[in-house]
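Data block below; observations after.
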Amino acid sequence: MRSKITNYNKINPTSPDKVKGQFVKYRKGDCLSIDYGDGKYLAAFISEKYNKYYDFTLIEYLLERKPTAREFEEGRFFGNYVYGPDGLYVTSERAMIPCLDTDAEERVEKVGTLNLIENLEKGVYFYVKDVTELCEYYRSDISLRIQRTNNVEKYTRLNQTGNRLIEIRHILNQPLTGSSQNSS
């Protein structure tokens, strides 16, 4: 049985956090717009901050305008389902990027904050050196991830685990109120 680590060097909402004496800019749940280049924007949220790294979780978003907080709430993130003692549960895919490099990055802008569940588990964890490398990863992985997601939804007998896109509502503390299906 695996042990579950639920509190590892987290930033409390009211406490400052520093790296090398400098305050960090972002906190868990912050929604970020990333200038992808060619007039397009990518979207990611901070799924955790650990030591001197932010954990970025990408969402399915690449458009010619900055994402809104509502698009984060209604979006799908890079994650997977894994089997645990109590059945299937959601995990997030996380790309570690150094905090101070990210804080100095002019292409990154906070556009909102998600109220994420406290025990959001990591399923896939890897290091990227900067935002450019994160954008390259998105470009190389999104088509395959969309295909896997569509296959699992279409063929319910397929193994339900594995990397795919998962609705963000599954990891929010409070579900969205109102009918989001009718909004454009």
Using the alpha-carbon centroid of each, what span in Å lies between the range 122-157 and the range 28-90? 11 Å
Kirkwood radius from Cα pairs of the range 37-144 plugged into Stokes-Einstein at 4 °C, 1.567 mPa s, gives D in µm²/s equal to 89 µm²/s
Of the trypsin sites (Lys or Arg not before Pro) in the range 94-130, those whose Cβ has at most 13 other Cβ within 10 Å and which sit in DSSP loop: 129
Towards the positive end of the charge dipole of the range 22-171, with charges on Cβ (+1 Lys, Arg; -1 Asp, Glu), say which of 138, 124, 152 has the farthest Cα. 152
I need 33, 143 ordered by Cβ neighbour count within 10 Å, fewest first. 143, 33
Any lysines with Cα under 27 Å of the residue 154 Cα? List them, leaving off those in the same chain fewer than 8 positions away. 122
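The numbers here are math on the coordinates, done by the rules we state, and not lab data. None of these values were measured; they are calculated from a predicted model. Glycine also receives a Cβ, built like all others from the backbone with ideal geometry; neighbour counts cover every protein chain displayed.
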